[in-house]
Amino acid sequence: MPNPAAPPPGVPVLVLNGPNLDLLGLREPAVYGKDTLADVDELCRSTAAAHGLLADCRQSNHEGVLIDAVHEARTAHRGIVINPAGYSHTSVALRDALAAVELPVVEVHLSNIHRREEFRHHSYVSGVADTVICGAGAHGYSMALTHLARLLEENR
């Protein structure tokens, strides 16, 4: 009989969402879609499980909380999927944290940041991410986790 206190099976990965993503489904649905953050989290958990991963889904509007989660991932997770949202374009500190933990990183954006306002075209995170997926809506998270599973398999 399985131990009920044992952690669920799977390789732990962090799925980290930045500011304003808690408003998914409400905020600019023409840009970000109608899926809620709860929908995205469920998609991430099911996609991760299909690839032998265990998704730890988190969201914060606070830069320091995101950085703390990245630091924690160094010992608690094997890879990171991150939608840094507005911090993509402003946070050198988040970029530096991702570089410091030396884990595979997949950056994901719901919208195509290159078809939007000029200030959104540059992401500090992209320079340290192994892969960038943008413009695929919520499906981009599924793509990101599928690719992260591949990166982890290749780096065994």
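For the range 23-32, a residue qualifies if it is out of contact with any Lys or Arg (no Cβ under 9 Å at 6 or more places or on another chain) and either surrounded by fewer than 16 Cβ atoms within 10 Å (Cβ to Cβ) or outside any helix (DSSP H, G or I) (or both), and the qualifying residues are LEU23, LEU26, ARG27, GLU28, PRO29, ALA30.
Number of residues in the range 33-45 that are touching a residue at least 40 places away in the same chain (Cβ under 8 Å), open to solvent by 30 Å² or more (accessible area, probe 1.4 Å) and in a helix (DSSP H, G or I) equals 2. The listed residues are ALA73, ALA55, ALA48, ALA69, and the only one of them that is part of a helix (DSSP H, G or I), in contact with a Lys or Arg (Cβ under 6 Å, 6 or more places away or on another chain) and crowded, with 17+ Cβ neighbours inside 10 Å turns out to be ALA69.
Evaluated against (1) open to solvent by 30 Å² or more (accessible area, probe 1.4 Å); (2) among the β-branched types (Val, Ile, Thr); (3) at pLDDT 85 or above, VAL15 falls short on exactly one condition, (1). Residue count for the range 99-142, restricted to those that are part of a helix (DSSP H, G or I), more than 22 Å from ALA30 (Cα to Cα) and open to solvent by 30 Å² or more (accessible area, probe 1.4 Å): 4.
Let's see how each residue does on (1) modelled with pLDDT of 95 or more; (2) out of contact with any Pro (no Cβ under 7 Å at 6 or more places or on another chain); (3) of a type in the set (S, T, N, Q):
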| residue | (1), (2), (3) |
| --- | --- |
| ALA30 | no, yes, no |
| ALA55 | yes, yes, no |
| GLN59 | yes, yes, yes |
| GLY64 | yes, yes, no |
| ALA85 | yes, no, no |
| ALA99 | yes, yes, no |
| ARG115 | no, yes, no |
| HIS121 | no, yes, no |
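In summary, ASN155 fulfils each of the numbered conditions (1) within 17 Å of VAL11 (Cβ to Cβ); (2) at pLDDT 95 or above with the single exception of condition (2). When residues in the range 50-66 are screened for being among the aliphatic types (A, V, I, L, M) and over 13 Å from VAL15 (Cα atoms), 2 of them pass. Scan the range 83-96 and give yes if some residue there is of a type in the set (S, T, N, Q), in contact with a strand residue (DSSP E or B) (Cβ under 6 Å, 6 or more places away or on another chain) and assigned to a strand (DSSP E or B), otherwise no. Yes: one or more hits.
The values are calculated or read from the model by the stated rules, or taken from the named source; none is laboratory data. Only a predicted model underlies this, so the values are computations on that prediction, with no experimental measurement involved. Cβ sites come from the backbone with ideal geometry, for glycine too, and all protein chains shown count toward neighbours. The protein model used for the area step is the full one, side chains on, heavy atoms only, and it has no ligands, DNA or RNA in it. Shrake-Rupley method; radii C 1.70, N 1.55, O 1.52, S 1.80 Å.
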